[in-house]
Amino acid sequence: MPATSEDTAARPDAASITVAHVGDRAISLAELDRAGGRSLSDLSQQLYEARVRALYQLLSTELLEREAHSRSMSADELLAREVTPQVTEVSDAEVEAFLTSQGGDTPRDARGRKQAQMYLGMKRQADAKREYVSTLFQKHGVRVALDPPPPLPKEEVLGPVTPAIGKPDAPVTIVAFSDYRCPYCRDLSHSIDELLHSHRDQVRVVYRHFPLHEDSEKLAHATLCADEQGKFPEYHRRLFSAKTGAEDTAQIARELGLDLQIFDACMSSKRFQARIEADRQEGRRLKINGTPTLFIDGQRLRGAQTLPRLTASVQEALRAAQALPAAQAQRAPQSASNLSSTQRAR
């Protein structure tokens, strides 16, 4: 929500809220949250996101009514005047592109195309309404005092940092545990591609394999064989562009111009079987129980995140990365001997 946050200094934090006593010792809410670990953190995040959605609906309804009242019209008349003219018709090319992105099982007959056109039209209308409402947040001075739950400490993902898409020395790294037969992973892959386009010098995405579905392991193996020939991004995107199965791996390699003799030898030797199993074991160590699961500079996100949510998390990670040198400078040893020993330790 495009709004400013109220000053929260007067509000009690979790460390000052007591939830129990053992004799003279007080147990704070912060201590309870730490003891609850990941499960409590996930629930807190889900509650926060549900509250954000509900608050947005509440605010947008009130803002539209206020704006409409100030202009002596109804909210529907306001939308018809300010939003509807901004919505362009969905073209046949856009319908075709959408149907292609949904895979081979999506109906392409006249009825299927009409349903796709209606869906895209409603989405375009909703997007235009959201953009208009965002201007009313500023105009009517909305202030939001709903703070997100505090993040858990960063989690370290062990193991390889390849294959990857994006600038190798990008300041923000996203590690994605994914499955090529998972529809939510496919949806996320499209959002990640948009994120990489808008943050091309700032984000690198490392893909780790966590196969849960039939044929997923063979598809994961195929991407690693393609990576040997420098074609991981292309092969990866091809698998997520339409519904594919294990029987399609060689055909995709042929379409992408890979050396089929090398690719077939890689597949038949199961060269990367141990690598895929290591990825799976690392996912289990991290207690991943579904795909996709992301780690954005060590902060976990579960599910097919939207582009705005991904962008917000990346911007938060960028701010943290920019603040780190200043914090390190403030903590730097003052004496020359301590400085020298710190440099030797590095």
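Counting only lysines at least 8 places from LYS231 when in the same chain, those with an alpha carbon closer than 27 Å to its own are LYS167, LYS218, LYS243, LYS270. In the context of the full set of protein chains, residues of the chain present 59 Å² of accessible surface per residue (probe radius 1.4 Å, heavy atoms only). Taking amide hydrogens as placed 1.01 Å from N in the peptide plane, the amide H of VAL19 sits under 5 Å from those of ILE27, SER28, LEU29, each at least 5 positions away in sequence or on another chain. For segment 150-158, 3J(HN,Hα) computed residue by residue from phi via the Karplus equation (6.51, -1.76, 1.60; θ = phi - 60°) reads x, x, 6, x, 4, 9, 9, 9, 8 Hz, glycine and proline entered as x. Among PRO107, PRO85, PRO151, the largest mean-square fluctuation in a Gaussian network model of the chain, built with springs joining Cα atoms closer than 10 Å, belongs to PRO85. For the residues ALA220, ALA145, ALA278, a GNM of the chain with alpha-carbon springs under 10 Å puts the largest fluctuation on ALA145.
Treating each Cα of the chain as an identical point scatterer and ignoring solvent, apply the Debye formula and state log10 I(q)/I(0) at q = 0.11, 0.12 Å⁻¹. With no solvent term, the Cα-only Debye profile gives -0.99, -1.11.
If you bin all the Cα-Cα distances of segment 91-222 at 5 Å, starting from zero, the percentages per bin are 2, 8, 11, 12, 15, 15, 15, 12, 7, 3, 0. Restricting attention to the chain, close to 60% of DSSP beta bridges with both partner residues there are antiparallel.
In the chain, what percent of the accessible surface is made up of carbon and sulfur (1.4 Å probe, ligands and nucleic acids excluded)? List each step's numbers first, then the result.
Working: 10820 of 20550 Å².
Heavy-atom surface of the chain belonging to carbon and sulfur, 1.4 Å probe: 53 percent.
Estimate the FRET efficiency between THR162 and ARG71 by the formula 1/(1 + (r/R0)^6), using the beta-carbon distance for r and 51 Å for R0, to the nearest 0.05. Between THR162 and ARG71 the formula returns 0.35. On a C-alpha basis, how far is the centre of segment 176-249 from the centre of segment 112-169 in Å? Whole number, if you could? Centre-to-centre distance over Cα atoms comes out at 21 Å. Can you compute the FRET efficiency between ARG81 and ASP201 using 1/(1 + (r/R0)^6), with r the Cβ-Cβ distance and R0 = 45 Å? Round to the nearest 0.05. With R0 = 45 Å, the Cβ-Cβ based efficiency is 0.65. In segment 99-170 the Cα-Cα distances spread across 10 Å bins starting at 0 as 13, 18, 18, 32, 19, 0 percent of all pairs. Peptides 224-232, 109-117 ranked from most to least packed by the mean count of surrounding Cβ atoms within 10 Å: 224-232, 109-117.
The values are calculated or read from the model by the stated rules, or taken from the named source; none is laboratory data. All figures in this text were calculated on a predicted structure; none of them were measured in a lab. Note that each Cβ is placed from the backbone with ideal geometry, even for glycine, and that neighbours are counted across all protein chains shown. The accessibility values were calculated without ligands, DNA or RNA, using every heavy atom of the protein model including side chains. Shrake-Rupley method; radii C 1.70, N 1.55, O 1.52, S 1.80 Å.
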